[in-house]
Amino acid sequence: TRSTRPQRLLGAVQKSATRGDPCSVVNAIDQFCRHTEWAMNVGDEKGCILDSVVSEVNPATVLELGTYCGYSTVRIARLLPPHAKLITLEFNPDFAAIARQVIAWAGMEEKVHLVEGASGEWIPKIKEQFGVKALDLVFLDHWKDQYLPDTKLIEECGLLRKGSVLLADNVIFPGAPQYLEYVRSSQQYESQYFKSHLEYTKVEDGLEKSVFLG
Ligand SMILES: Oc1cc(-c2ccc(F)cc2)cc2cccnc12
Ligand SMILES: [Mg+2]
């Protein structure tokens, strides 16, 4: 039977990347998606913006919503200090199975907890399950109609502190209009749009960075 796109992406990592070298995993995926087969990773252009926000926040605890094949998981984890924790939630078990192998190939297992399940179900469990007091950074990159309900749930669960940063992918394409309206009009957030392009294309897209003011 025909392989899946995530399986072909993992094959490219195992063929072209060096075990234990997260940068080579990121580069192998970008090379594959730009020259062989497009896939919905945040990509290299938006990835540089993600890198700058991660470096600025220097988070002890990160929550990623939407793992897919683990590209942004590895991209974030490679910048984290040794004892920092990245919790990444993935609803699709086939994606999760590939992501585990990509994360392992990059040697990032120690910093990453991949949880298979629905964000709405798991967000309320994060504090108790992972001993998390607050999230320093949340990267929203799952289904766009989930951005707003999950943000409200994260607030209600008391997972944000003054200065917590939300960074949302695809706010233009595919688009998250209700989320944008919320974070841009709320007195509780200071929002900023980083204009970029849809991964590996010339289509406009961007990241929205929103600082929680408490
Ligand atoms: O970065 C993303 C891109 C797309 C996408 C799919 C098909 C297109 F034709 C264009 C864009 C979907 C995503 C779904 C979840 C998280 N990120 C996505
Ligand atoms: Mg995305």
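Observations
- Hey, I87 surrounded by 15 or more Cβ atoms within 10 Å (Cβ to Cβ), assigned to a strand (DSSP E or B), touching a residue at least 24 places away in the same chain (Cβ under 8 Å) and not acidic (D, E) or not: yes
- Considering region 128-153, the residues that are touching a helix residue (DSSP H, G or I) at 6+ places or on another chain (Cβ under 6 Å) and hydrophobic (A, V, I, L, M, F, W, C) include one that is farthest from H83 (Cα to Cα), namely L148.
- When W143 is tested against (1) farther than 16 Å from E90 by Cα; (2) in contact (Cβ under 8 Å) with a residue 40 or more places away in the chain; (3) within 13 Å of ligand 1 (Cβ to nearest atom); (4) hydrophobic (A, V, I, L, M, F, W, C), exactly one condition is not met: (1).
- Some residue of region 32-48 being β-branched (V, I, T), in contact with a strand residue (DSSP E or B) (Cβ under 7 Å, 6 or more places away or on another chain) and within 13 Å of ligand 1 (Cβ to nearest atom): no
- Any helices (runs of 4 or more DSSP H) falling wholly within region 8-84 and containing at least 1 residues that are over 25 Å from G117 (Cβ atoms), among the hydroxyl-bearing types (S, T, Y) and away from ligand 2 (no atom under 12 Å from the Cβ): 22-35, 43-57
- The set of residues in region 158-171 that are in contact with an Asp or Glu (Cβ under 7 Å, 6 or more places away or on another chain) and under 16 Å from L148 (Cβ atoms) comprises A168, D169, N170, V171.
- The residues listed here are Y193, Y179, Y189; of these, the one that is in contact with a Phe, Trp or Tyr (Cβ under 9 Å, 6 or more places away or on another chain) and within 16 Å of ligand 2 (Cβ to nearest atom) is Y179.
- Some residue of region 69-77 being touching a Phe, Trp or Tyr at 6+ places or on another chain (Cβ under 6 Å), in contact (Cβ under 8 Å) with a residue 40 or more places away in the chain and within 13 Å of ligand 1 (Cβ to nearest atom): no
Just so you know, all these numbers are worked out from the coordinates, no wet-lab data involved. Just so you know, these numbers come straight off a predicted model, no measurement behind them. All Cβ positions, even for glycine, are placed from backbone atoms using ideal geometry, and neighbour counts span all protein chains on display.
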